[in-house]
Amino acid sequence: EAMIPEYIERFRYLEEVKKDENKIMYVDYILDWLERKKNKVQQSTWEGYETYAKCHIIPYFEPLHLEICDVTPKHIVDYFESRLVCGRRDHKPGGLGHEAIKKHKTVLNMVFDDALIAELINRNPVEHVPLPKKDDIETRERVFLNVEEANAMLEAFRGHELQALVYTTLYYGLRRSEVLGLKWDAVDFECETLKIQHTVVKNRSVVAKDTTKSAASRRTYPLLPEVKELLLRLKAQQQDNRLLFGSEYEESAYIFVWPDGHLYRPDYITRSFKKVLAYHGLPDMRFHDIRHS
């Protein structure tokens, strides 16, 4: 039977590496795995893999000069410990959080599973290595706003360009990617419904997707009167901005955009949210904590 091209390519690669399997360096195998993963997963997912590999895993393992068959569970344990102590890329004190290290383990596990299938190793050294306990990691508690705190936050954003975005996020418990992915066709002002069906995410690049985090994330909400009023006001403001900016206006279907129509970058939302909180003397919290409330 004819083989699918990608499997032919994979077969040829495996035949080559098996000729000299005892000299395959671990970091070289990671780079090869990354290249083969490209275009086979969503762009934002692949960029995440690349960041974990090139900014963390490879810089740690490269000085060890390990062949892939020489990596042991102890090496993986030591790697996790190193990320706990000095894993931050901005060189600030402290290490990575539990969720970040969990993502690193996922990439490590996939690479060794790939090598296991290729019969380059006899076991996956990551498989039975537990993640560091959350108690061992300096983590931030989730923030859950009560009614008074939520109203104080909304008051801080009154008149701010992100007022409608923050209000919508709070009332519906949306993820950042979901609120940025809201388009006008997701709002039915007559039937008074709001659909979550599109997302905007970022690793290195900003990617818009007609998908949500999971199938359950695709959902329809009633359009609350307060939100309806804010969105109608925003829609009218965008029409005024079209006239103001003329040909310089960037047409798009998105609800939450800059006055000139350009889409907000996800990281801008996070930074601006924290600045407003700090300016008004409110407790520090992540944008995602709005969802918890």
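Could you please give the count of residues in the range 239-293 that are assigned to a helix (DSSP H, G or I) and open to solvent by 80 Å² or more (accessible area, probe 1.4 Å)?
Keep residues of the range 239-293 that are assigned to a helix (DSSP H, G or I), which gives 239-248, 266-279, 289-292.
Filter once more, so that each one left must be open to solvent by 80 Å² or more (accessible area, probe 1.4 Å): 239-240, 243-244, 247-248, 271, 275, 279.
Number satisfying all stated conditions: 9.
Only residues that are under 16 Å from the mean Cα position of the chain (by Cα) and β-branched (Val, Ile, Thr): list them for the range 19-69, please.
Correct list: Val41, Thr45, Thr51.
Considering the range 230-257 alone, what residues qualify as being in contact with an Asp or Glu (Cβ under 9 Å, 6 or more places away or on another chain) and polar (S, T, N, Q)?
Correct list: Asn241 only.
Could you run through the range 105-129 and say how many residues are more than 23 Å from the chain's Cα centre (by Cα) and farther than 10 Å from Val71 by Cβ?
Number of matching residues: 12.
Look through the range 99-129, keep the residues that are in contact with a Pro (Cβ under 7 Å, 6 or more places away or on another chain) and part of a helix (DSSP H, G or I), and return whichever of them is modelled with the lowest pLDDT.
Among residues in the range 99-129 that are in contact with a Pro (Cβ under 7 Å, 6 or more places away or on another chain) and part of a helix (DSSP H, G or I), the one modelled with the lowest pLDDT is Ile101.
Scan the range 139-158 for residues that are open to solvent by less than 70 Å² (accessible area, probe 1.4 Å) and at pLDDT 90 or above and report the count.
Of the range 139-158, the ones open to solvent by less than 70 Å² (accessible area, probe 1.4 Å) are 143, 145, 150, 152-154, 156-157.
Next, only the ones that are at pLDDT 90 or above stay: 150, 152-154, 156-157.
Adding up the residues that qualify gives 6.
Say whether the condition of being more than 15 Å from Pro125 (Cβ to Cβ), of a type outside the set (D, E, K, R), modelled with pLDDT of 80 or more and assigned to a loop (DSSP other than H, G, I, E, B) is met by at least one residue in the range 58-74. Full working, then the answer.
Of all residues in the range 58-74, those more than 15 Å from Pro125 (Cβ to Cβ) come to 58-59, 62-63, 65.
Then drop every residue that is not of a type outside the set (D, E, K, R), which leaves 58-59, 63, 65.
With the extra rule that they be modelled with pLDDT of 80 or more, the set shrinks to 58-59, 63, 65.
With assigned to a loop (DSSP other than H, G, I, E, B) added as a condition, the list becomes 65.
Yes - at least one qualifying residue is present in the range 58-74.
The values are calculated or read from the model by the stated rules, or taken from the named source; none is laboratory data. In this text, all values refer to a predicted model and were calculated from it rather than measured experimentally. Quick reminder, even Gly has a Cβ in these numbers, built from the backbone with ideal geometry, and neighbours come from all protein chains shown. Quick note on the areas: whole protein, heavy atoms, side chains included, nothing else; ligands and nucleic acids left out. Shrake-Rupley method; radii C 1.70, N 1.55, O 1.52, S 1.80 Å.
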